[in-house]
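Q: One structure coming up, written as structure tokens, with questions to follow.
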Ligand SMILES: Nc1ncnc2c1ncn2[C@@H]1O[C@H](COP(=O)(O)OP(=O)(O)OP(=O)(O)O)[C@@H](O)[C@H]1O
Ligand SMILES: [Mg+2]
């Protein structure tokens, strides 16, 4: 600790610097206010012992100068007997305390230590206050961001709700029109090939309308699902669930799609899989999204859907021999609305909500989804799900 001693009395300067040094302080002395202030400007001190009565610049004036330079420096006034009122004035000006002459070294040491401790604590409190303020500001910004995110989700889900009703009518009317047309075609005069061409064209248009509307319905359902899961308002039906059963049922829905595309489909479920605590519909939804991706992004080879127990978890994996994903984009695919490749040339059919939904479903089940993939070689999506507590062996 560096202490500055300012006193016009040579004896006092000598005694104080010697004694302070003995007590482990490093003390520098100045013989008047002016040189004291100059020393203070050019060095770093932890406290100042300042004589009140000095010729020229007195203690009070020196104190003012010192505090101008460093408002927090602890200053202890050294006063002659009877100078109490001036000493009190010094304290009002920010001096920490005063000691009377002849200076009692033990009292001075205690006072210096206390003064330095107080200054350090004040600094800490102020820094802490700053960080509390900062974290309060951060919290506020975070809250604002959450509100904005919430507002966006609410908007997205209410718009989606609004779209659902007219879309249902579009699909319904298009379907009825197509059926009517199909009934009408045989009665129609087949003599004129031009008429037949027109009818086939109308039929194709209606089919396109239905397919696109169904796709849009799927998109709306995905948005509603995702926003509800994110907001925590989605409904979950938890039950002790046999994964093998859900996997087999979901696989059935996809075997035709894979066959149509000429892809091999292998389902490998380990026997005696323990139950999980799960939501049947959601797990099926998760597997459907992964299988849908595997079919979409694989043109040759096949898809394998497997499940096995590893310790107290069940590992479900969907692997394909498709186009694969470069490592730098493995994290990106789980983000909302992210689709890889060139949207213009690749013309993606989906919207990029499948994998974010999968991640949410896995998370709600206490599990996690991961990806291993290499361009040109294929992709493996794994979901690690915890076995239901009661079913653990
Ligand atoms: N098995 C896979 N092989 C290669 N790329 C994949 C595979 N699965 C996902 N991807 C890439 O990750 C992107 C995001 O997938 P995600 O399932 O979230 O969206 P999507 O399939 O494009 O649309 P959605 O699932 O909402 O209909 C895809 O667009 C695709 O680029
Ligand atoms: Mg998808």
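Q: Can you name the number of the only condition in (1) touching a residue at least 24 places away in the same chain (Cβ under 8 Å); (2) in contact with a strand residue (DSSP E or B) (Cβ under 8 Å, 6 or more places away or on another chain) that residue 107 fails?
A: Result: residue 107 passes all but (1).
Q: Okay, next question. Can we say residue 317 is in contact (Cβ under 8 Å) with a residue 24 or more places away in the chain and within 16 Å of ligand 2 (Cβ to nearest atom)? Reasoning before the result, please.
A: Values: in contact (Cβ under 8 Å) with a residue 24 or more places away in the chain: yes; within 16 Å of ligand 2 (Cβ to nearest atom): no.
When the stated conditions are applied, residue 317 does not pass them.
Q: Additional query: So, of the residues in segment 319-343 that are within 9 Å of ligand 1 (Cβ to nearest atom) and either loosely packed, with under 14 Cβ neighbours inside 10 Å or over 16 Å from residue 373 (Cβ atoms) (or both), which turns out to be modelled with the highest pLDDT? Walk me through it before giving the result.
A: Kept after step one, since they are within 9 Å of ligand 1 (Cβ to nearest atom), are these residues of segment 319-343: 319-320, 322-325, 329, 332-341.
Filter once more, keeping what is either loosely packed, with under 14 Cβ neighbours inside 10 Å or over 16 Å from residue 373 (Cβ atoms) (or both): 335-337, 341.
Working: 335: 90, 336: 86, 337: 80, 341: 68.
Ranking the qualifying residues of segment 319-343, first place goes to 335.
Q: Something else: Looking for whichever is crowded, with 16+ Cβ neighbours inside 10 Å and touching a helix residue (DSSP H, G or I) at 6+ places or on another chain (Cβ under 6 Å) here; the options are 174, 115. Which one fits?
A: Values: 115 fails: touching a helix residue (DSSP H, G or I) at 6+ places or on another chain (Cβ under 6 Å).
Going through 174, 115 in turn, just one is crowded, with 16+ Cβ neighbours inside 10 Å and touching a helix residue (DSSP H, G or I) at 6+ places or on another chain (Cβ under 6 Å): 174.
Q: For segment 234-245, state whether one or more residues are within 16 Å of ligand 1 (Cβ to nearest atom) and crowded, with 16+ Cβ neighbours inside 10 Å. Working first, answer last.
A: Taking segment 234-245 as the starting set, the residues that turn out to be within 16 Å of ligand 1 (Cβ to nearest atom) are none.
No, that holds for no residue.
Q: Filter segment 374-384 down to residues that are away from ligand 2 (no atom under 13 Å from the Cβ) and buried (at least 22 other Cβ atoms within 10 Å of the Cβ) and give me whichever is nearest to residue 297 (Cα to Cα). Lay out the reasoning, then the answer.
A: Taking segment 374-384 first, the residues away from ligand 2 (no atom under 13 Å from the Cβ) are 374-378, 380, 382-384.
Now drop any that are not buried (at least 22 other Cβ atoms within 10 Å of the Cβ), which leaves 378, 383.
Numbers: 378: 9, 383: 19 Å.
The selected residue is 378.
Q: Could you check residue 157 against (1) part of a helix (DSSP H, G or I); (2) modelled with pLDDT under 85; (3) closer than 30 Å to residue 64 by Cβ and say which number it fails?
A: For residue 157, the exception is condition (3).
Q: Which one of these does residue 296 not meet: (1) crowded, with 19+ Cβ neighbours inside 10 Å; (2) near ligand 1 (Cβ under 9 Å from one of its atoms)?
A: (1)
Here is a yes/no grid of residues against (1) free of Cβ contacts under 8 Å to residues at least 24 places away in the same chain; (2) touching a strand residue (DSSP E or B) at 6+ places or on another chain (Cβ under 7 Å); (3) away from ligand 2 (no atom under 16 Å from the Cβ); (4) under 23 Å from residue 321 (Cα atoms):
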| position | (1), (2), (3), (4) |
| --- | --- |
| 257 | no, no, no, yes |
| 260 | yes, no, yes, yes |
| 264 | no, yes, yes, yes |
| 267 | no, yes, yes, yes |
| 279 | no, no, yes, no |
| 290 | no, yes, no, yes |
| 293 | no, no, no, yes |
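Q: So which of 334, 297 is within 12 Å of ligand 2 (Cβ to nearest atom) and more than 20 Å from residue 360 (Cα to Cα)?
A: Working: 334 fails: more than 20 Å from residue 360 (Cα to Cα).
Among 334, 297, only 297 is within 12 Å of ligand 2 (Cβ to nearest atom) and more than 20 Å from residue 360 (Cα to Cα).
Q: While we're here: Is it fair to say residue 147 is more than 30 Å from residue 206 (Cβ to Cβ), in the same structural domain as residue 212 (by TED's automatic domain parsing) and in a helix (DSSP H, G or I)? Lay out the reasoning, then the answer.
A: On the way: more than 30 Å from residue 206 (Cβ to Cβ): yes; in the same structural domain as residue 212 (by TED's automatic domain parsing): yes; in a helix (DSSP H, G or I): yes.
Yes, satisfied.
Q: Find the strands (runs of 3 or more DSSP E) located wholly in segment 1-118 whose residues include 2 or more that are at pLDDT 90 or above, and list them. Steps first, answer last, please.
A: Working: elements: 2-6, 26-30, 47-51, 75-79, 97-100.
By residue number, 2-6, 26-30, 47-51, 75-79.
The values are calculated or read from the model by the stated rules, or taken from the named source; none is laboratory data. In this text, all values refer to a predicted model and were calculated from it rather than measured experimentally. Note that each Cβ is placed from the backbone with ideal geometry, even for glycine, and that neighbours are counted across all protein chains shown.
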